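What follows draws every value from the coordinates through simple rules; no lab data is involved. If you're wondering where the values come from, they're calculated on a predicted model, not measured in any experiment.
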Amino acid sequence: MNYLKYTQYVYLIFAIFFIYEGISKWNESENKPWLHFFIAGMAVFMFFFRRKFANKFNDQNKKS
């Protein structure tokens, strides 16, 4: 499962995008950017979660 090594970085791309969107909406007085920052935080969390899972999966395959 080599794709697990690369799919974790998609979450970082989403985090960067939502941080950018949140900052751009921060300057507008009408919109609240909190949802964008929350989604970016969840994407960063998922990046670290997936990285830990991929490392655990690779270690398990090496033992077999």
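Observations on the structure shown:
- Nearest 10 degrees, 0 to 90: helix 34-63 Cα axis against the chain principal axis: 10 degrees
- Rounded to the nearest 500, the helix-only mean residue ellipticity at 222 nm of the chain stands at -30000 deg cm²/dmol, with each DSSP H run of n ≥ 4 adding -39,500 (n - 2.57).
- The slack in the chain from Lys62 to Lys5, taken as 0.36 nm per residue of separation less the alpha-carbon distance, amounts to 19.0 nm.
- Degrees separating the helix 3-26 axis from the principal Cα axis of the chain, which is the longest one: 10 degrees
- Among the lysines of the chain, pairs at least eight places apart or on separate chains and with Cα atoms under 29 Å apart come to 6.
- Here the chain yields Rg over Rh of 1.21, to two decimals, using C-alpha coordinates and the Kirkwood radius.
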